[in-house]
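First the structure, in the form of C-alpha cells, and then the observations on it.
Read-outs: derived from the displayed coordinates by stated rules, not from any lab. Model, not experiment: these values are computed from the prediction. Neighbour counts are summed over all protein chains in view; Cβ atoms, including those assigned to glycine, are modelled from backbone coordinates with ideal geometry.
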Amino acid sequence: MAIITLTTDFGYKDHFVGAVKGAILSSLPEVNIVDISHAISPFNIQECAYILKNAYRSFPAGTVHVVGVDSEISPENEHIVVCVDGHYFISANNGVISLITSEVKPEKVVEIHLPNVNSGSFPVLDVFTQVACHIARGGKLEVVGKPFQSLKELKDFEPRIIDNGKTISGNVIYIDNYGNVVTNIQKSLFEAYRNGRNFEVIARTTIINQIHKSYNGIVNYDLDKQQRKGPGDALALFNSAGYVELAIYKSDLNSVGGASSLLGLNYRDTVTINFL
C-alpha cells in the first residue's frame, strides 16, 4: 500500500489538515496517510527540516512526503519534487530538503508544472495533493514537472569552526516537547575536531564538560542516591539523530521547566564547544 506523509505548520484548530487528507483520499482511497507533524512553528524551515530528516528514514522506500511549510509559490519559492534516498519530497524550494540532500545526492529534482491549475493561498491542497497521488500511483515525475537545478540550501545556521579548530560555535535549531535544546553541532563534527582533548560545552552561563550517550548517562549508579546527579540537573548528550542536545534530566517543561527555559535558550541562540 502506498504511503503519503504530511509535515506542516497547520496545527489542528483549522480545516487545513482535514481538507488535505480528504483530497488525497478522494483521489486515492487505498492510500495510507501518516502525520509526521502538524505542530511545526509557523514558517520555521529549520525546525521542519530537522523533524523531516529524522523521521523519513523510518519509512519504506517509495514513500511520498508532502511538506506544507512556507509553501506559497513565488518567483523565489518554486514548487518542486525531490527524489532522494529512495523517497519523494513535495515542497516549496525554501531549503527544507537541504538537510537531507547535504548528505545524500538527489536522484532527480523537478519543478512542478500542472496544466490548468492555479495555485492560490492553499497550494498543499491545490497542487501538492495531486502530485502526491500521481507519484503514489507509480506515475513518473516527468509528467508533473521539468528538471530543476537550483535547490536552495539552509546555510544560516551551519556551525562555525574558529580559533584554529579549538572552538565549534553552533546554534539552537530545535526545541522539543520536553524543552530539550538541539544544536546544529553533529557528533561527527565534534569527533573530527576533538582529537582526544577535554572540552566544555557553554550555553549562556551553563558549562558542561561531558557529553553522554543517553539521558540517564548523567546518573552514576555506583554512588548513593544522595550523592548522584539526577532529576533537575543539566546534561549534554548526542541524541538519537546524532546532534549535541542539552537537557534537564527528568524535568517537566510545563511545571518546573526544561532546558530551554531553565538555561535561557531560544531558537538560534549560540552554543559553543571549546576544546581545552
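Observations
- Among the chymotrypsin sites (Phe, Trp or Tyr not before Pro) in the range 1-86, those located in a DSSP loop and surrounded by at most 16 other Cβ atoms within 10 Å of their own Cβ are Tyr12, Phe43.
- Residue among Ser98, Val127, Leu6 farthest towards the positive dipole end of the range 1-139, charges placed on Cβ: Leu6
- Between Leu276 and Phe43, the FRET efficiency estimated from the beta carbon spacing at R0 = 45 angstrom works out to 0.70.
- Computed over the range 3-147, the quotient of the alpha carbon radius of gyration and 2.2 N^0.38 Å is 0.93.
- Here the Kirkwood formula, the inverse mean of 1/r across different C-alpha pairs, assigns the range 134-180 a hydrodynamic radius of 15.4 Å.
- Pairs of lysine residues in the range 3-147 that meet both criteria, 8 or more places apart or on different chains and Cα atoms under 17 Å apart, total 4.
- Of the peptides 234-244, 202-212, the ranking by mean beta-carbon count within 10 Å, highest at the top, reads 234-244, 202-212.
- Stokes-Einstein diffusion for the chain at 4 °C, viscosity 1.567 mPa s, with a Kirkwood radius from C-alpha pairs, works out to 64 µm²/s.
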